[in-house]
1. Mind giving me the FRET efficiency for Ser126 and Gln174? R0 is 41 Å, r the Cβ-Cβ distance, nearest 0.05 is fine.
2. Taking every Cα atom in region 116-221, find the radius of gyration and the maximum pairwise distance Dmax, and write them in Å.
3. Which shape class, rounded, prolate or oblate, goes with region 20-129 when its Cα gyration tensor gives a ≥ b ≥ c as root eigenvalues, a/c under 1.5 marks rounded, and past that a/b bigger than b/c marks prolate?
4. Could you list Ser50, Ser172 in order of exposure, starting from the residue whose Cβ has the fewest other Cβ atoms within 10 Å?
5. If you take every DSSP beta bridge fully contained in region 144-247, what fraction is antiparallel? Give it as a percent rounded to 5.
6. Using only the Cα atoms of the chain, what do you get for the radius of gyration and for Dmax, in Å?
7. Counting other beta carbons within 10 Å of each residue's own, what order do His109, His150 fall into, fewest first?
8. Could you tell me the center-to-center distance, by alpha carbons, between region 153-226 and region 36-98 in angstrom?
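Values quoted throughout were computed directly from the atomic coordinates according to the rules given, and no laboratory measurement underlies them. Everything numeric here is computed off the predicted structure, so don't read it as measured data. In this analysis, Cβ positions are derived from the backbone assuming ideal geometry, glycine residues included, and neighbour counts consider all displayed protein chains.
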Amino acid sequence: MTSAPAAGDPLRVARDRRELAGEAFRVVRECLRSALERREEASLVLAGGSTPLGLYQRLGRGGGSLEWERIRLFWSDERCVEPGDRASNFGAVREALLSKLGRRPAGVHRILGELSAAAAAESYESELRRHLGRAPSFDLVILGIGADGHTASLFPGGPELESPRLVAPSRSPQPPVERVTLTLTAINAARAVLFLVSGAGKRQVLRRLRPPAPDLSLPAARVRPLGAAPVWIVDREAAGEAALARG
Ligand code: 6PG
């Protein structure tokens, strides 16, 4: 594990996805423990996609020292599919984490992908406000990025990028097209954000997202949580030497 020498959001480079998962596990555990020292419950938002799966498996196997009974789980986004569908972000977490944890979190708040995107977004916004109050501030939001600079299911040029709501329907250029996503309003109210990025396919977009001049046309570049700059954990394939040189 190495850290980039440059300024800007902290970037940690892992040798491979296994080391990325290990470092992410340490960051998540520390963040949740710190939150539970200050508040009765902690709120953790889980990303979709494949990169975080190693982390979720680590949490399922080794997260026993965490007080899961005081931790509420939420999702950054969901595809409009049944929870048992192989494309479901909830289904991936159920398989990698929940089925192995052996303990019951304070809440498992999945996005109802079986509904229409609009109905699921309405429902999830109410769920967030019911459990986190009128102005939810998640303790930690885990996010990935796509090669097009999307994050969660916030896609370049999408109207959801300007939404004042906490949750919005969106449309993905890749199937499943119908999505539901936390908005920048919800994400940027978080106390902490952790980006996990892996694979050579992300090298180009990572370069466009890093200092000195992040490309603000990319949704991931507009993630600027009030609490602190996002933490980035990337593998060596995504980092590439050039990306590191630019900071
Ligand atoms: C989704 C995710 C999406 C994902 C990125 C990265 O529902 O697909 O929320 O934003 O995090 O596309 O995916 P990978 O980790 O598989 O590269």
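1. Efficiency, rounded to the nearest 0.05: 0.90.
2. Rg and Dmax of region 116-221, Cα atoms, are 14.0, 40 Å.
3. oblate
4. If I rank by nearby Cβ atoms, fewest first, I get Ser50, Ser172.
5. On the way: 6 of 10 bridges.
Antiparallel bridges: around 60 percent, rounded to the nearest 5.
6. For the chain, the Cα radius of gyration and maximum Cα-Cα distance read 16.7, 46 Å.
7. With the sparsest Cβ surroundings first, the list reads His109, His150.
8. 19
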